[in-house]
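> Questions regarding the structure given below will be posed in turn.
The values are calculated or read from the model by the stated rules, or taken from the named source; none is laboratory data. As the structure is a prediction and not an experimental result, all values here were calculated from the model. Cβ coordinates were reconstructed from backbone atoms using ideal geometry, including for glycine residues, and neighbour counts include every protein chain displayed. SASA here: full protein model, heavy atoms, side chains in, ligands and nucleic acids out. Shrake-Rupley method; radii C 1.70, N 1.55, O 1.52, S 1.80 Å.
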Amino acid sequence: MSNTLYAQRRARVAQQIGPQGIALIPTALERPRNRDNDFLFRFDSYFHYLTGFTEPNAFLVITGDGKSTLLCAPKDAEREIWDGYRLGPQAAPAALTVDAALPIGELDAQLPRLLENREVVWFPFAIHEGLEARVGGWLTKVRARVRFGALCPEQQRDLCGILDEMRLVKDAHEQDLMRRAAAISARAHVRAMRTSARMLRAGQEVREYHLDAELLHEFRAGGSQCAAYGSIVAAGANACVLHYRADVAPVRDGELVLIDAGCELDGYASDVTRTFPANGRFTGPQRALYDLVLASQEAAVAVTKPGARFTDPHEASVKVLAQGMLDLGLLDRSKVGGLQDVIDSRAYFQFYMHRTGHWLGMDVHDCGSYVEPGEVGQVSERKDPVSGETIQNRPSRVLRPGMVLTIEPGIYVRPAAGVPPQFHDIGIRIEDDAIVTEGGCELISRGVPVKADEIEALMAG
Ligand code: GLY
Ligand code: MN
Ligand code: MN
């Protein structure tokens, strides 16, 4: 991306923190995994959004006059032999269009100087371990200079509010990256489906990790750096465990496989789920539930458009799923009543216990308030019929072009008294990524088929 975009984002922050404000944005810490071995480094999303800089040991300061200062790792010929290239403070201003750059070792010396004579210090609250204490230490140093005429900031404010609103609506560059990430993930799902059917046809043993390997192959072959979250590859009854991870369980002929996996590309996540028959052919009961989940997703997609509320797709999905649960005998009308009763009592929760979507962006569960900002004061309370908890209802966010969300209804049937046995242990979720457009929404993950017939055709080939 042209560096102008990052500069424009920093300018928007500067404008919002006010002329007497200063904003502090660290990147993430490197995390040890075990002896001499770190977890793969992943930059902080806010930091990357404002710099495009991927190195660890870096810290961005934006002041209300529109100037930005980067503190980063200094050039070090010996360390670079071990850890790789560093941009260094000398090259950073030209490469990243920041106004100044300093060695990160000067952070504690420079920050009190930069904080002096500002009124408000902004930083992301409760994100970076130890940052609150460090800010406190820097402010203590500024205060020591008050008797020499310096002014010390009197307010600390959470920068997340400003950045979350900015990140919630994706610009053209972000949308393009997200389309590419979703396309890679779609190819990975296609590859896993084909592999499952091909190996079973050849009489080979298939395990969940075989399919996980296919996903990873396609992610990396497509240029993605990593999976955006731990891939779920769940064979048979494992699909009913919502946070299951790809493991060693056998993928059996006749069972379904649920794969929830998406790659991260240049800092942007995709989040895609498909459920398919391991051998390429749905059984009757599998197909009945699959078609129900797909119909509920179609209902949710139809209402995903500007002006709708974030909760509208969920409500549309629930309506279709609840009706289907009654029609298929998962719920007993004589016990739970009709459609509206099932919705009001949340009786559907036995088989559908999560929401239909979330914001998607740099983080798989991306930032951004789910409440419409102008309506936060309109709060009503109700008792949740399932948990008994008091729920505070505030008007849900109004969708606008450029927002990106997942649409992911599902159905998970654990064996229980009164539940028809032909549906036992079936877990199905269908998840696509949607960009809200002027006229509706664009599903960017449909490079992998979603209709049952199309999945069967793909797996037969
Ligand atoms: N893969 C995480 C989710 O679907 O929310
Ligand atoms: Mn999701
Ligand atoms: Mn998912």
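> Rounded to a whole number, what % of the accessible area of region 1-146 do carbon and sulfur atoms account for, probe 1.4 Å?
52 percent
> Next question, about the same structure. Return one number: the angle in degrees, 0 to 90 and rounded to the nearest 10, between the long axis of the Cα atoms of helix 3-17 and the longest principal axis of the Cα atoms of the chain.
80 degrees
> Here's another thing I want to ask about it. For a quick check: with amide H placed at 1.01 Å from N, whose amide H comes under 5 Å from LEU151's, ignoring anything fewer than 5 positions away on the same chain?
ASN117
> So between GLU205 and HIS354, what do we pick up on full extension, going 0.36 nm a residue minus the alpha carbon distance?
In short, 50.4 nm is gained.
> Now a separate question. Cα axis of helix 131-143 to longest principal axis of the chain: angle in degrees, 0 to 90, nearest 10?
20 degrees
> How far, in nm, would the chain grow between TYR85 and THR390 when pulled straight, counting 0.36 nm per residue and subtracting the alpha carbon separation?
Gain on stretching TYR85 to THR390: 104.5 nm.
> While we're looking at this one, here's another question. Which value at 222 nm does the chain reach when only helices count, each DSSP H run of 4 or more adding -39,500 (n - 2.57), with the total divided by all residues and rounded to the nearest 500 deg cm²/dmol? Provide the component values of the computation, followed by the final result.
On the way: 14 runs with 168 residues, N = 461.
After summing the helix terms and dividing by residue count, I get -11500 deg cm²/dmol.
> Quick check on packing: order 30-36, 63-69 by the mean number of other C-beta atoms within 10 Å, highest mean leading.
Output ranking for 30-36, 63-69: 63-69, 30-36.
> Skipping prolines and chain starts, which residues have an amide H placed within reach, meaning under 5 Å, of the one on LYS305, given they are 5 or more residues away or on another chain?
Close amide H contacts, sequence-distant or interchain: none at all.
> Add +1 for every Lys or Arg and -1 for every Asp or Glu among the other residues with Cβ under 12 Å from the Cβ of ARG333, and state the total.
-2
> What is the local net charge at GLN297, summed over the other residues whose Cβ is closer than 10 Å to its Cβ (Lys, Arg +1; Asp, Glu -1)?
Numbers: positive: ARG429; negative: GLU298, GLU408, GLU431, ASP432.
Spelling it out: positives minus negatives among the neighbours equals -3.
> Between VAL120 and GLU375, with labels modelled 7 Å along Cα→Cβ, what's the label distance in nm to one decimal, could you check?
2.6 nm
> Still on this structure, I have one more. Find, among the chymotrypsin sites (Phe, Trp or Tyr not before Pro) in region 71-147, those assigned to loop by DSSP (not H, G, I, E, B) with at most 14 other beta-carbon atoms within 10 angstrom.
TYR85, PHE125
> Can you pull out the GluC sites (Glu not before Pro) in region 183-289 that DSSP calls coil and that have at most 12 other Cβ atoms within 10 Å?
When the GluC sites (Glu not before Pro) of region 183-289 are filtered for loop state and at most 12 Cβ neighbours within 10 Å, GLU205 remain.
> How many angstrom lie between the Cα centre of region 33-62 and the Cα centre of region 324-386?
If you average the Cα positions of each part, the centres end up 36 Å apart.
> Here's a follow-up. If the cut-off is 28 Å between C-alpha atoms, which lysines fall inside it for LYS319, apart from same-chain ones fewer than 8 positions away?
LYS305, LYS335, LYS383, LYS451
> 7 Å from Cα along Cα→Cβ at both THR54 and ARG12: what's the point-to-point distance in nm?
Placing both labels 7 Å along Cα→Cβ, they lie 2.3 nm apart.
> Another question about this same structure. Taking H as built 1.01 Å from N, whose amide H comes closer than 5 Å to the amide H of PHE125, not counting residues under 5 places away?
LEU159, CYS160
> Per residue of region 376-393, in order, report the coupling 6.51 cos²θ - 1.76 cosθ + 1.60 (Karplus, θ = phi - 60°) as ³J(HN,Hα) in whole Hz, putting x for Gly and Pro.
Residue by residue, region 376-393 yields 4, x, 7, 10, 10, 10, 8, 8, 5, x, 8, 8, x, 5, 7, 9, 9, 9 Hz.
> Moving to a separate point now. For the chain, what does the accessible surface come to per residue with a 1.4 Å probe? Please give it in Å².
Per residue, the chain has 45 Å² of solvent-accessible surface.
> While we're on this one: I'd like the GluC sites (Glu not before Pro) in region 421-461 restricted to DSSP loop residues with at most 12 other Cβ atoms within 10 Å, sorted by number.
Within region 421-461, the qualifying GluC sites (Glu not before Pro) (loop, at most 12 other Cβ atoms within 10 Å) are GLU438.
> Now for a separate question. Pulled fully out, how much extra length does the chain show between GLU438 and ARG333, if you take 0.36 nm times their separation in residues and subtract their Cα-Cα distance?
33.7 nm
> How charged is the neighbourhood of PRO409? Take every other residue with its Cβ under 9 Å from the Cβ of PRO409, and add Lys/Arg as +1 and Asp/Glu as -1.
-1
> How many nm separate the modelled label positions at HIS243 and GLU132, each set 7 Å beyond the Cα in the direction of the Cβ?
2.3 nm
> What whole-number value in cubic angstrom gives the convex hull volume per residue for the C-alpha atoms of the chain?
Each residue corresponds to 177 Å³ of Cα convex hull volume.
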